[in-house]
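Reviewing the structure listed below.
The values are calculated or read from the model by the stated rules, or taken from the named source; none is laboratory data. Predicted model only: the values in this text are computed from it and were never measured. Note that we place each Cβ from the backbone using ideal geometry, even for glycine, and neighbour counts take in every protein chain shown.
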Amino acid sequence: MEAANSGNWRQAWACGRAMSQQSLGPKGRIFHALAEMTPDVDDWIQAMKQPGPKGGCDATEIWNGEQGDLGSFFRLNQLALVPTSAYVANEVETCSKPQLREEQAEELGAEDFRRMQAQLQHHSRGFAVPPWSIPRDFWRVLLCDAGADENYDAPNLKALVRRLCSLIRKTTAPPLEWCLSKGCAIPKYNNKTSTRAFRLLHLLDPLSKTWIAGIWGKHCFNLQHTSFGFIKGRRREEVGMLLRALQYRLGKNKCSLLLCSFDVANAFPSIDWNALDSKPLKSFNPADRALLSRRYRNALCLVTDSSLNAGVFRPLTDNRQGDGPAAQQFARAFEAIIKKWSKDLFTLSELSMLAARDPWSKIPVFLGSLLFADDLLKIIPVVLPVGALNRCLQLITTLRTELQQHKMDLNLDKLQLLASWVGPGSARNRRDFLDLLGSTDLAKICKSTLKHLGMQ
């Protein structure tokens with residue numbers, strides 16, 4: 001009770017699960033219960049053909065058959081990556097293919113192999129692997145351990161992998177096994193049916209993940225001060241602390257605030273490739289940029305079901321959840337989208353109200369947008385209820401327009417709106433604002449308390 005009253009919902013749910021001996025969660029979710037049904041291959045293929053905001057990734061079907069016939073698919077090798085239509089070809093071939101000399105390919109391939117070895121030295125928690133590969137720890141023993149050099153086969157294997165890295169540099173074409181992922185359905189426990197009750201994570205060959213992570217790691221990953229997802233040294237609890245401090249400071253100055261919490265529908269599979277290409281890959285050289293871009297442009301996904309059926313689809317949007325650079329690349333791309341959208345939303349006086357200085361670098365930091373992955377909290381200073389309503393409608397309309405340019409959209413069911421009125425006439429302003437909202441579709445999203453990132 002103490003944790004819940006203080007707004008520490010993480011600790012409250014942990015205590016509740018410990019006391020009940022069950023995996024209970026928010027919104028009545030029961031994590032220890034098995035799903036009543038699991039989607040079959042046809043369900044997944046049809047769902048993935050839908051646009052991203054509707055739960056898919058604009059996919060096109062590549063292959064369908066029984067699991068026992070998967071060998072015939074793997075024998076296609078690079079033919080499986082050939083575009084199946086002019087539209088797919090146009091989407092895939094957007095990025096340029098750099099021409100490298102033999103010695104350049106050898107040099108870059110050797111560097112990729114060294115970075116791959118360095119990535120393998122990082123111990124993981126035993127992430128699952130697709131059935132056509134072996135666990136990451138085995139690759140570490142075969143390619144990194146000093147004792148492996150005494151084994152007759154180990155030096156040959158190292159030379160083969162090093163040669164493979166050079167060939168990839170020369171052709172810009174990784175093997176099919178590195179492009180293919182195994183779709184793993186993870187229950188969401190959201191009381192929905194069919195594919196909407198699951199999240200599709202991608203199991204990839206560990207060697208391919210370390211290879212692409214090594215290329216991505218050539219440049220230091222960083223985000224703005226108010227972005228907190230997937231960056232070392234930052235925690236989501238900082239968002240709540242920052243918001244409370246800002247709200248307290250402005251409240252002391254009799255400044256009312258409008259807090260809008262936005263959530264993007266099916267964010268990772270929805271984002272288009274041009275957004276992933278532009279800001280995240282800008283600092284890479286053309287050879288690295290081509291490999292990073294083709295990582296998702298040549299992606300295929302295998303799904304199976306309990307009836308021993310199998311299917312392979314090709315997404316035409318998506319940044320595969322489970323891949324090495326996927327989370328950080330999405331965070332940087334989404335941050336750039338929000339930065340562009342926010343550019344003309346504030347007046348000069350509002351910018352000054354929502355600015356603070358970094359205590360170390362003394363650089364001014366704008367605090368009007370707080371980001372964690374695809375969760376956005378927008379803070380707007382307001383004076384009158386009519387102005388607050390107009391700003392709220394403006395935020396929703398303009399943000400949806402900006403997101404739709406990148407094939408994304410808001411999850412309108414998860415929108416939250418909180419107006420914090422302070423100073424003389426705050427009770428009247430609160431009442432007038434609720435009356436104005438009652439005449440719009442926003443009445444149901446106005447909350448007396450706002451929950452963001454598990455905090456209230």
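Observations on the structure shown:
- Filtered by the rule that a residue be part of a loop (DSSP other than H, G, I, E, B) and among the small types (G, A, S), the range 400-440 gives G423, G425, S439.
- Residues (at pLDDT below 70, assigned to a loop (DSSP other than H, G, I, E, B) and not hydrophobic (A, V, I, L, M, F, W, C)) located in the range 8-66: Q21, Q22, S23, G25, R29, H32
- Among the residues of the range 271-301, those identified as of a type outside the set (D, E) and not in a helix (DSSP H, G or I) are I271, K279, P280, L281, K282, S283, F284, N285, N298, A299, L300, C301.
- In the range 359-368, the condition of being touching a Phe, Trp or Tyr at 6+ places or on another chain (Cβ under 7 Å), in contact (Cβ under 8 Å) with a residue 12 or more places away in the chain and within 30 Å of P424 (Cβ to Cβ) is met by at least one residue.
- For P83, the criteria (1) closer than 25 Å to K407 by Cβ; (2) in contact (Cβ under 8 Å) with a residue 12 or more places away in the chain hold in every case but one, which is (2).
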